[in-house]
Every structure is written in structure tokens, then in C-alpha cells.
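Undergrad: One structure, pasted below without further comment.
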Amino acid sequence: MKALELLLNRRSQPRLRAPAPSGEVLENIKQAALKAPDHAALRPWQFIVCEGEGLLRLGEVYKKAAIASSKSEADIIRATQLPLRAPMVIVAIAKYAEHAKVPWVEQVASASCAVHAMHLAAITQGFAGVWRTGSYAQDECVKDAFGLSEKDEIVGFLYLGTSVSQPSQKVNLDSNDFFKGWN
């Protein structure tokens, strides 16, 4: 797949099944993340790869967060099932490092670029995925479970696997609605 074709046709695919990326394919996905823009070479990222028992463990973290947030019984049960929507979930974390020239927002952006790079690397190798956030990305119980500091951020949960269906086609937006010239 050519780079421009990938960029212009990338789609999130939330309906995923096994297999998940593994071996060299997974290593390529990891290496793509580590090539994200990184001002001052701070490497402001941490990734947790959840598969098998790891998905169940992530579900338990969500369950504890749901209980602590006084969610309904249905939401508590649902919390344990959320990670099971794919055979692999990569938790992407922006690990903030104090730096005079690299503000917090730039470090979060770097981690976000890493997630996008992983998603693209998965697609180009025949896999599919969806980048999710939601309330658990901001939940203090979830952040505590991963040992995050106050300025660290979960930038997303990248669900990866094999697509169950063909991706839907997106309508091309009019670039003039978003890009303005300053001539």
C-alpha cells in the first residue's frame, strides 16, 4: 500500500476479531510508534500491550473505576467486556517530563502521533483497528492502576485485530472549510 493511498483511505474499524498482530508485524507497529515526532528526544510515551489475560485485567481495572464512579450495575458489567471487543488493546500513555522548551501539550501530541502511526502501521500490514478514548482514559482509578502521575495522560486505547467487515467509505470534506490562506 502506498503512503498517500493509506493516508487518504484510513478508516477506523471497531468490529475486530482474532488474530491480532504478532511477531514481526507487531514489532513494526511498535517501531512506528517510536518514530513519532519527539522534540528534544524526550520519548514521552509508554505503551501497555494487553492480550489474553491482559484484556481481562484491563476489564477489571475498568470495573473498579466504574464502581468507584458509582455507575449502574449494567455499566459495571459492561466495563469488564469493553476490552474484549478486540484481541489486542494497546494503552497509549503520554509520560510528561518537565522541559523548558517542550510543553505538556507537545508531549501529549507526540504520544498521540505515536498512536496514529501504530494504527497506520497495522493497516498497511493487513490488520485493522480503532483508537478509542472515552471516560476511562480520564478516570483517576484507571490512571492510578497504570501508576501515572498527575500530568501523565492516557491518550487512547488502540484496539487491534482482524476486521470483521469492510470499512465504510467516508465522504471527502471540502478542504476550504478548514484551511485558510494568509497571503
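The values are calculated or read from the model by the stated rules, or taken from the named source; none is laboratory data. What you see is a predicted model, and the numbers here were worked out from it, not measured in a lab. With ideal geometry, Cβ positions are generated from the backbone for all residues, glycine too; neighbour counts draw on all protein chains shown. For the accessible areas, the whole protein counts, side chains as well, though only heavy atoms, and no ligand, DNA or RNA atoms are used. Shrake-Rupley method; radii C 1.70, N 1.55, O 1.52, S 1.80 Å.
To keep it simple, each residue is scored yes or no on (1) in contact (Cβ under 8 Å) with a residue 40 or more places away in the chain; (2) farther than 13 Å from Gln125 by Cα; (3) not hydroxyl-bearing (Ser, Thr, Tyr).
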position: Leu16; (1), (2), (3): yes, yes, yes
position: Pro21; (1), (2), (3): yes, no, yes
position: Asp38; (1), (2), (3): yes, yes, yes
position: Ala41; (1), (2), (3): no, yes, yes
position: Trp45; (1), (2), (3): yes, yes, yes
position: Val49; (1), (2), (3): yes, yes, yes
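Let's see how each residue does on (1) buried (at least 21 other Cβ atoms within 10 Å of the Cβ); (2) over 29 Å from Val102 (Cβ atoms):
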site: His119; (1), (2): yes, no
site: Ala122; (1), (2): yes, no
site: Ala128; (1), (2): yes, yes
site: Ser135; (1), (2): no, no
site: Cys141; (1), (2): no, no
site: Phe146; (1), (2): no, no
site: Leu158; (1), (2): yes, no
site: Ser168; (1), (2): no, yes
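Undergrad: Mind checking which pairs have a first residue in the range 168-183 that is free of Cβ contacts under 8 Å to residues at least 24 places away in the same chain and closer than 13 Å to Asn9 by Cβ and a second that is open to solvent by less than 100 Å² (accessible area, probe 1.4 Å) and among the hydrophobic types (A, V, I, L, M, F, W, C), Cβ under 6 Å, 6 or more apart or different chains?
TA: So the pair list comes out empty.
Undergrad: Does the range 117-133 include one or more residues that are over 17 Å from the mean Cα position of the chain (by Cα) and either among the aliphatic types (A, V, I, L, M) or not in a helix (DSSP H, G or I) (or both)?
TA: Checked against the condition, which is being over 17 Å from the mean Cα position of the chain (by Cα) and either among the aliphatic types (A, V, I, L, M) or not in a helix (DSSP H, G or I) (or both), the range 117-133 yields at least one hit.
Undergrad: For the range 69-96, name all the residues that are among the polar types (S, T, N, Q), farther than 21 Å from Leu148 by Cα and not in a helix (DSSP H, G or I).
TA: Scanning the range 69-96 gives Ser70, Ser72.
Undergrad: Now a separate question. Does Leu34 satisfy the condition of being open to solvent by less than 30 Å² (accessible area, probe 1.4 Å) and out of contact with any helix residue (DSSP H, G or I) (no Cβ under 7 Å at 6 or more places or on another chain)?
TA: So Leu34 fails the test.
Undergrad: For Ala41, indicate whether it is under 26 Å from Ser149 (Cα atoms) and either touching a helix residue (DSSP H, G or I) at 6+ places or on another chain (Cβ under 6 Å) or among the acidic types (Asp, Glu) (or both).
TA: Spelling it out, it is not the case that Ala41 is under 26 Å from Ser149 (Cα atoms) and either touching a helix residue (DSSP H, G or I) at 6+ places or on another chain (Cβ under 6 Å) or among the acidic types (Asp, Glu) (or both).
Undergrad: Evaluate the range 36-43: report whether one residue or more is touching a Phe, Trp or Tyr at 6+ places or on another chain (Cβ under 8 Å) and closer than 17 Å to Ala137 by Cβ.
TA: For the range 36-43, residues touching a Phe, Trp or Tyr at 6+ places or on another chain (Cβ under 8 Å) and closer than 17 Å to Ala137 by Cβ: absent.
Undergrad: Okay, next question. Pick from the range 76-112 the residues that are among the small types (Gly, Ala, Ser) and within 17 Å of the chain's Cα centre (by Cα): which of them is surrounded by the most Cβ atoms within 10 Å (Cβ to Cβ)?
TA: Of everything passing the filter in the range 76-112, Ala86 is surrounded by the most Cβ atoms within 10 Å (Cβ to Cβ).
Undergrad: Could you please give the count of residues in the range 12-31 that are open to solvent by 50 Å² or more (accessible area, probe 1.4 Å), of a type outside the set (Asp, Glu) and at pLDDT 95 or above?
TA: 8
Undergrad: Another question, then. Is it the case that Trp131 is in contact with a His (Cβ under 7 Å, 6 or more places away or on another chain) and of a type outside the set (Val, Ile, Thr)?
TA: So Trp131 fits the description; yes.
Undergrad: Another question, then. Restricting attention to the range 49-63, does a residue exist that is open to solvent by 40 Å² or more (accessible area, probe 1.4 Å) and either touching a Lys or Arg at 6+ places or on another chain (Cβ under 6 Å) or among the polar types (S, T, N, Q) (or both)?
TA: Scanning the range 49-63 turns up no residue that is open to solvent by 40 Å² or more (accessible area, probe 1.4 Å) and either touching a Lys or Arg at 6+ places or on another chain (Cβ under 6 Å) or among the polar types (S, T, N, Q) (or both).
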